[in-house]
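Visitor: Got a structure here, written out as structure tokens. Questions coming.
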Amino acid sequence: METLTAKDRTAQVRQDRREHDATHGLGWVEAARFLAVAAAAVSVRFSVSRPIPHLNLIGIGAVLVGAWPVFREAARNLAARRMTMELSMSIAILAAAAISEFFTALIITLFVLGAEVLENLTVTRGRRAIRDLLDFLPRLVMVRSAGNICEVGAGELRAGDQVLVSPGGAIPVDGTVTGGRSFVDQSRITGESMPVEKMPGSAVFAGTINQSGALEIHTDRIGRDTSFGKIIEAVEAAERSRAPVQRIADRLAGLLVYFALAAAVLTFLFTRDLRSTISVIIVAGACGIAAGTPLAILGGIGRAARLGAIVKGGLYLEILGRVNTVVLDKTGTLTFGRPVVEATAPFGGASQSELISAAASAESRSEHPLGKAIVAYAAAKGIAVQEPVRFDSRPGLGIAAQVGTTRILAGNRFLMNKHRIPIPEDPGSGTSSDSEVLVAQNGRFLGTITIADTVRPEARHAIKEFDRMGLRTLLLTGDAEPVARQVAAQLGIMDFAAERLPEDKLARISHLKLSGRVVAMVGDGINDAPALAAASVGVAMGSGTDVAQESAGIVLLGNDLRKFADTVEIARWTRRIIWQNFAGTIVVDLAGIALAAAGLLDPSVAAFIHVASEMMFILNSARLFPHPEAMSKQIDRGRYSNDMALSKAA
């Protein structure tokens, strides 16, 4: 299989965009066809030229040329045994021409061509709303190599390169700041309107704008692996995917076409009025739902991506719009996930140094936040840490490691009980709400390390938003009950369960689904992966593990839970728009068919109603796309706020 470089992939995306934009919207061929049909309609209406009195050559020629795209699409759908609006419009155009109603046939053609152009322009604008991010990536990048600074193409960057970004320049990679201080506008990636201060150690994203100071960045990810690349891939996947509601829209569109044709047959049998029969065929339109539904899905995914939430397909957005229960992990989701050691309680004659050394040695390879806190504490105290020769991470329990000939356990009570380690009833030394890591060495209990974490302030806002939307919120954590109780109390979560292993979380999710709940699971760790996969829709935090992100249908680029609350709102809005289009299409079609069958609509008026209603529903879906001017104003406000902050600091 051919492997593309970052340069090739970026070039391919740009080429795809140019080709896509060239094939959609108002090209010169479409414009010429539209003007030709309009001129022919005027000529036929006022009988400008008719060389053969009983043969309208202008009308026949204009119908064949103007309606050719409609006829061609109808033939393809007929060959594929699909009933579409192109087929019903073709029947109406040919029927009008057959009774020498060429003006009516041309007016129908004109309306259909205009509707197609407007629809394509709307779709193209929606796709461009995301893909214009490509224009913010620099083509040339300054790189420090072997003490020299040189300019290279963006496609030649590799992980590990030191990239230099001047004030006002776009950041081309995901990476870590190694030199300089600045404010960075991240609004196009994370949705944050205020610029964010960056200093050595800060993470930066591709596609963001460096505003004030020069930065030197260590490249971590390039091309499609960056946050920017993931946004583009999410939109491309959304274009290819089909949500269940889209299949419903297609079936409904087909049924409406069948209904209109049946109503036309009955109208002709009862009235023998060919004009009324043609009007019945023309007035029924299902393009508003057939085209408006995928447009709404694309718009919803695009708007969520702008906020910093990657939705991997229309299926997940549709499910999210029906979610009524949100299950939350604690560490890294509701808390910062950067806990610190608060206290130590050596036991049975063990020293603090012995307790910390054993725990840090066991946790030295761990990716768990509690393990990292212990290792950092040991480093700060200057306590020696040894590399384990064997390391076994047990999700929901802790760590079992071998350091030299010594076997060390570091984890919770379940781990100690499983290995029959005798522990006191109250081994801790901190408050009841702190997390505890129990440590044993060669079957002997050494003591407890008490670790505290901090609740994210934005989590409180998110929980309030969930409550406002009527969502049931449940906290599931493997931590101790006092810790879970305090976090739940701080955030206003009424329902929580503590000391839950991964299989317990999975069982609870399954039970909720069996009881009829539509469940969204939000987590960030390996131990959350089974629950994320089992939930109706899984949501992974941006700082979470790769396993968690792979198991989830939605990934938050940052760690702000408010983005998920906003994404739920977008999903609900998308769902409302789709069902508005469904209901509106059915009402307009039924009323139009009734009026047309009664002889109250002539074909030209029926064509206007068809196209006007179709465009109304398509534009209703297009409301989901963020307006380019609004996004520019948002960026300008962020820059203005940054300038004010800098002037005050000065």
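Laboratory data are not the source of any read-out in this text; all were calculated from the coordinates shown. Being a predicted model, the structure only gives us computed values, none of them experimental. Please note: Cβ atoms are built from the backbone with ideal geometry, for glycine as well, and neighbour counts cover all protein chains shown.
Visitor: Please list, in order along the stretch 449-466, the HN-Hα scalar couplings obtained from phi with the Karplus expression 6.51 cos²θ - 1.76 cosθ + 1.60 (θ = phi - 60°), rounded to whole Hz, x for Gly and Pro.
Guide: Taking θ as phi minus 60°, the curve returns 10, 9, 10, 10, 10, 10, 6, 5, x, 5, 5, 4, 4, 4, 4, 4, 5, 4 Hz for the stretch 449-466.
Visitor: Taking the Cα centre of the stretch 292-362 as the origin, how large is its charge dipole in debye, to the nearest 20, when only Lys and Arg (+1) and Asp and Glu (-1) carry charge on their Cβ atoms?
Guide: In total the dipole reaches around 440 debye.
Visitor: For the ranges 533-539, 384-390, what's the packing order if you count other beta-carbon atoms within 10 Å of each residue, average per peptide, and put the highest first?
Guide: 533-539, 384-390
Visitor: Apply the Karplus parameterisation 6.51 cos²θ - 1.76 cosθ + 1.60, with θ equal to phi minus 60°, to every residue of the stretch 373-378 and state each ³J(HN,Hα) to the nearest whole Hz, in sequence, with x for glycine and proline.
Guide: 5, 5, 5, 5, 5, 5
Visitor: Taking amide H atoms as placed 1.01 Å from N in the peptide plane, list the residues 5 or more away in sequence, or in a different chain, whose amide H sits under 5 Å from that of Glu342.
Guide: Result for Glu342 returns Thr450, Ile451, Ala452.
Visitor: With the contact rule set at Cα under 8 Å and sequence spacing of 6 or more, what percent relative contact order holds for the stretch 340-452?
Guide: 32 percent
Visitor: Next up: Give me, ordered by chain and number, the residues 5 or more places off Gly332 or on other chains with an amide H under 5 Å from its own placed amide H.
Guide: Result for Gly332 returns Gly337.
Visitor: Please give the charge dipole size of the stretch 340-452, origin at the Cα centre, charges +1 on K and R Cβ atoms and -1 on D and E Cβ atoms. Round to the nearest 20 debye.
Guide: Dipole magnitude for the stretch 340-452 comes out near 380 debye.
Visitor: Quick one: net charge of Gly599's neighbours, Cβ under 14 Å, K/R +1, D/E -1?
Guide: Neighbour charge sum, excluding Gly599 itself: 0.
Visitor: Taking H as built 1.01 Å from N, whose amide H comes closer than 5 Å to the amide H of Thr406, not counting residues under 5 places away?
Guide: Here nothing satisfies the definition.
Visitor: Could you give each residue of the stretch 503-508 its phi-based ³J(HN,Hα) in whole Hz, using Karplus coefficients 6.51, -1.76, 1.60 with θ = phi - 60°, and x for Gly or Pro?
Guide: After applying 6.51 cos²θ - 1.76 cosθ + 1.60, I find 5, 5, 4, 4, 5, 5 Hz.
Visitor: Next question, about the same structure. What number comes out for the charge environment of Arg144, summing +1 per Lys or Arg and -1 per Asp or Glu over other residues with Cβ under 10 Å away?
Guide: Every neighbour counted, the sum reads -2.
Visitor: So, one more: Distance cut-off 32 Å, Cα to Cα: go down the list Lys418/Lys563; Lys312/Lys464; Lys418/Lys464; Lys381/Lys505; Lys198/Lys513 and report the pairs above it.
Guide: Lys418/Lys563; Lys418/Lys464; Lys381/Lys505; Lys198/Lys513
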